[in-house]
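The numbers here are math on the coordinates, done by the rules we state, and not lab data. Computed from a predicted structure; not experimentally measured. Ideal geometry is used to build each Cβ from the backbone, glycine not excepted, and the neighbour counts take in all protein chains shown.
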Amino acid sequence: MSLGYALRRIIEEYPLARLDPPRGHPLGTVIRKGAPDEVRQALAALDGPFLVKGSPGRGAHWAAIPWIAIFDPAVTTSATRGYYLVYLFPTHREAVHLSLAQGTVAAYREHGPRALNHLRASGDRLRERIGDFADRLPLTSLDLGTTGDLPEGYEVAHILGLRYGLADLGDEGRLRRDLALGIDAYRALKARGGLEF
């Protein structure tokens, strides 16, 4: 398997997989283990301790938006708080986004009905903080194709990133270079104060 192949499998197979129970489903294993293993392999050339996790959902429910996330343990070890790099799979299943994003669940807990406004304003400030990456990570907004607290939170928590269509996933070298670039932006954000304003 390669990183591109793992990402393509998730895009193409997720709609049908959701018709079956998630427990023990082979695609759940790809999202939890196979794709994260490919991301870890791509990260091996980069210096630093990274934690990689994938989520197809919880318990008996598939996620509306599955994800594969890369965490710097000095920043966060969870997609619920802090900021991290993540592959997000929109519901239209024609693409995958590489997103430098903020954790959403902690924002909902802390800010309640004002969480989306908080994340949006914070994202604007963080985008300015790493503005020198804007031309190489030009995607500044996401449309994940569904509603609900988490998908809407993911959309407004996005800082910078890239979009890949299916045709883009055959270029393994590009995917690895882009991942390294995303890590550079992640590190720059950490070095420049992260979420502290």
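About its Cα centre, segment 85-179 has a charge dipole of approximately 220 debye under the convention of +1 per Lys or Arg Cβ and -1 per Asp or Glu Cβ, with nothing else charged. Between the C-alpha center of segment 1-76 and that of segment 134-155 there is a gap of 18 Å. As a rough guide to protection, the peptides 19-32, 175-188 ranked by mean Cβ packing within 10 Å, highest first, stand as 175-188, 19-32.
Under the combined filter of DSSP loop state and at most 10 neighbouring Cβ atoms within 10 Å, segment 1-103 retains none of its chymotrypsin sites (Phe, Trp or Tyr not before Pro).
Using Cβ point charges alone (K and R +1, D and E -1), the dipole size of the chain about the Cα centre works out to roughly 420 debye.
Each label point was placed 7 Å from the Cα along the Cα-to-Cβ direction; for S141 and A121 their separation is 2.0 nm.
Of the complete DSSP H runs in the chain, those spanning 18 angstrom or more by Cα along the long axis with a mean Kyte-Doolittle score not below 0.0 are 3-17.
Rounded to 0.05, the FRET efficiency of the D184 and T77 pair, given R0 = 22 Å and the Cβ-Cβ distance, is 0.60. For segment 123-170, applying the loop criterion from DSSP together with a ceiling of 14 other beta carbons within 10 Å to the GluC sites (Glu not before Pro) yields no site.
Counting 0.36 nm for each residue step from A45 to K33 and taking away their Cα separation leaves a gain of 2.4 nm.
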